Amino acid sequence: MTIPQMESRIPAPGRAWLVAALDAAREHRGAASPAGLPAWELRFAEAGRRCGTDEGADLARVQLLEAARPDAATVVRLYRQGTAAERRAVLLALPRLSLPPADGLPLVEDALRTNDTRLVAAAVGPYAAEHLDAHAWRHAVLKCLFTSVPVASVADLARRAAGDGELARMLRGQEAERTAAGRTVPGDLRLVLALTREAASL
């Protein structure tokens, strides 16, 4: 994390707290708190009240995960037992944690089953772009369209959509249904449909 990122997203008291928390996470990854959990996990939980904004808390939690380098079981537990904000941070951190798809993809898939638009947006980041198979990725794109999550949130959208005839078929079906029902066709749907007409990169 750069100093400009911290200054723009986290108030001064939160910045000081985060620097200390990151140092502790790096130096004492296995140290337990009086509650029995590693101390950095308590910092992970309290980031929301320390960092002032949701964006600041996201940034802090992602950085704490990266510094602590928890094992897969810990990452999965933090997601499964976490608040929506904590689950979002785990999803945002996945590309930095080298989590095997067998452990990380179930978290992405769980988020995509929700109607929490912030979780959906976090789920379609670089980890999903790299690891979701074609069928699951297409449905993730459709989920964004259904829930009005901007497709700008979908990492590597242009590359994965290019030349995808099945995605184009699904999008045309949605376009036809909306038109027949007198509903507006979202600009994002037309954007992704246009991307499917691009030649797939070799």
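The values are calculated or read from the model by the stated rules, or taken from the named source; none is laboratory data. Computed from a predicted model, the values in this text were never measured in an experiment. Here the Cβ is made from the backbone with ideal geometry for all residues, glycine too, and neighbour counts use every protein chain on show. With ligands, DNA and RNA removed, areas are computed over all heavy atoms of the protein, side chains included. Shrake-Rupley method; radii C 1.70, N 1.55, O 1.52, S 1.80 Å.
Structure values in brief
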item	result
Test item: Cα-centred dipole of the chain, Lys/Arg +1 and Asp/Glu -1 on Cβ, debye	260 debye
Carbon and sulfur %, accessible surface of the chain computed with the full protein complex present, 1.4 Å	52 percent
Positive-pole candidate from 73, 111, 181, dipole of the chain, charges at beta carbon	181
Rounded to 10°, Cα long-axis angle of helix 54-68 versus longest principal axis of the chain	70 degrees
Calculated P(r) of the stretch 37-95 - Cα pairs past 20 Å, %	11 percent
Approximate spin-label separation residue 102-residue 133, in nm, with each point projected 7 Å along Cα-to-Cβ	1.6 nm
Bins of 10 Å, starting at 0 and running to the largest distance - Cα pair percent for the chain	9, 31, 29, 19, 9, 2, 0
Cα-based shape type of the stretch 144-202, given that a ≥ b ≥ c are square roots of the gyration tensor eigenvalues and the cut on a/c is 1.5	oblate
